[in-house]
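Down below is the structure, laid out as structure tokens.
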Amino acid sequence: MTISLGIPTRRRLPADLPPRPDGIPGLLDTYGRTATDLRISLTDRCNLRCTYCMPAEGLPTQPTSSLLQAAEIGRLTRIAVQELGVRQVRFTGGEPLLRGDLVDIIAACATLEPRPEISLTTNAIGLAARASALRAAGLDRINVSLDTVHAATFLEVTRRPFLDRVLAGIDAAAATGLTPIKINAVLLRGVNDDQAAELLEWSLARGHQLRFIEQMPLDADHAWNRTSMVTAAEIRERIAERFTLTPDVEPRDGAPAELFRVHPLGGGEAIGLVGIIASVSEPFCTDCRRVRLTAEGGVRSCLFSHTETDLLGPMRAGASDSEIATLWRDAMWAKPAGHGLDTGDFVQPTRTMSAIGG
Ligand code: SAM
Ligand code: SF4
């Protein structure tokens, strides 16, 4: 069903689903996967307008009263960690640094037993002033989105002239010990695809770990195009203009990024690592361990879901921890086999990446 805000919600499981067995711990689905990696969106607002994510004019945002409050995030995180086996919690958005209570949210998460690994995905605007407080609150790792180190290209991709602020944020995060910093980059044909090797050089020189993410059809403008997107194979070719890549020897272990060792052109000792997340051309759905909570408290079992299970409504209506855990388990039990991008009948979700939580 679709409620008036255009947000999909699911109250009942699909009729053809086998019943979920009782007594199984964790967020299991019918394909035998168990989600242990929770991504929580803290807001649908953002101070950039990346072309692959948001439209130039922005998107209608939810009123603050419809968003999870810090105490509600604390409660849901506790249920996830203590009742549902979640081991990693990543805060994202929208732009999570826009939440004034981010330090408190992280500090509460850091008190949980067992202590989850806590990470943040951010565009780093404003990070310079907050990095040390976030670190002190218990933040373990940080991913910063940076698609270029050229001011003109940054403006073209994000529609905002804020490259300097992002770079200052990255430097502050490094200075406070949030290392190694992961840099997330999306390549767009004709915009920054010729800068792949340069961005890698820049990252390696500073000890940051660069990960390229294939552009996915989650943009508000519906401009994504399978034939024009820059694939993982092309990204490897672009990097090979300046470096030699060899597969990393460590087992991938369900991680979305395929890691490569980076060597000087022609060979020699490895000087670092680079990751490529090939969600479109080389999907890894069979190993997916992720579960998402939107900023309004909706469980999404898949980034590309067309349905969500509302937890905020029941929580505000007085649901117990065990009732919330059951709703959450049921939502994950119905997780689809895959996102379907590799099939002809893929339909883009109505929510954009910024409104889901990347
Ligand atoms: N605002 C923060 C940021 O940009 O890091 C957090 C939210 S953002 C939605 C999370 C990640 O999603 C970013 O690394 C961004 O590059 C990525 N992303 C956004 N739209 C995407 C798309 N259409 N395809 C692939 N990655 C995308
Ligand atoms: Fe904002 Fe992140 Fe989307 Fe860019 S990718 S518009 S920074 S939410």
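Odds and ends about this structure:
- Neighbours of residue 96 by Cβ distance under 12 Å: Lys/Arg scored +1, Asp/Glu scored -1, total +2.
- Ordering of 64-72, 330-338, 39-47, 264-272 by burial proxy (mean other Cβ atoms within 10 Å per residue, highest first): 39-47, 330-338, 64-72, 264-272
- Pairs of alpha carbons in the stretch 260-358 whose separation is greater than 21 Å (percent): 49 percent
- Taking Cβ atoms as reference points and 12 Å as the exclusive limit, the residues near residue 59 contribute a net charge of -1, counting Lys and Arg as +1 and Asp and Glu as -1.
- Selection from 192, 270, 208, by position along the positive dipole direction of the chain (Cβ): 208
- Distant-in-sequence amide H partners of residue 53 (H built 1.01 Å from N, under 5 Å): 220
- Scanning the chain for cysteines with no neighbouring cysteine C-beta under 4.7 angstrom from their C-beta gives 46, 109, 285, 288, 302.
- Total charge dipole magnitude, the stretch 214-348, about the Cα centre, Cβ charges on Lys, Arg, Asp, Glu only, Debye to nearest 20: 100 debye
- Surface composition of the chain: carbon plus sulfur atoms contribute 53% of the solvent-accessible area (1.4 Å probe, protein chains only, all chains present).
- Taking amide H positions as modeled 1.01 Å from N, with prolines and chain starts lacking one, the residues under 5 Å from residue 230 and 5 or more places away or on another chain are 189, 215.
- Proximity of backbone amide H atoms, modeled 1.01 Å from N, is registered between residue 357 and 94 at under 5 Å, excluding neighbours fewer than 5 places apart on the same chain.
- Subtracting the Cα-Cα distance of residue 348 and residue 129 from their residue separation scaled by 0.36 nm leaves 75.1 nm.
- Karplus (6.51, -1.76, 1.60) ³J(HN,Hα), θ = phi - 60°, over the stretch 170-176, in Hz, Gly and Pro reported as x: 5, 4, 5, 4, 5, 5, 8
- With an a/c value of 1.5 or above and a/b larger than b/c for the gyration tensor axes a ≥ b ≥ c computed over the alpha-carbon atoms, the stretch 140-216 is described as prolate.
- Geometric extent, Cα atoms of the chain - Rg, Dmax (angstrom): 19.8, 63
- With the highest mean first, a sort of the peptides 240-246, 278-284 on other beta-carbon atoms found within 10 angstrom per residue produces 278-284, 240-246.
- Where the alpha-carbon atoms of the stretch 211-252 are placed on the principal axes, they occupy 38, 25, 14 Å, in descending order.
- Most mobile of 158, 92, 122 in a GNM of the chain (Cα contacts under 10 Å): 158
- For the stretch 142-148, 3J(HN,Hα) per residue [Karplus equation, 6.51 cos²θ - 1.76 cosθ + 1.60, θ = phi - 60°, Hz, x = Gly/Pro]: 9, 10, 10, 7, 8, 9, 6
The values are calculated or read from the model by the stated rules, or taken from the named source; none is laboratory data. These numbers were taken from a predicted model, which means no experiment stands behind them. In this analysis, Cβ positions are derived from the backbone assuming ideal geometry, glycine residues included, and neighbour counts consider all displayed protein chains. Ligands, DNA and RNA are stripped out before the accessible areas are found, and what is left, the full protein with its side chains, is counted by its heavy atoms. Shrake-Rupley method; radii C 1.70, N 1.55, O 1.52, S 1.80 Å.
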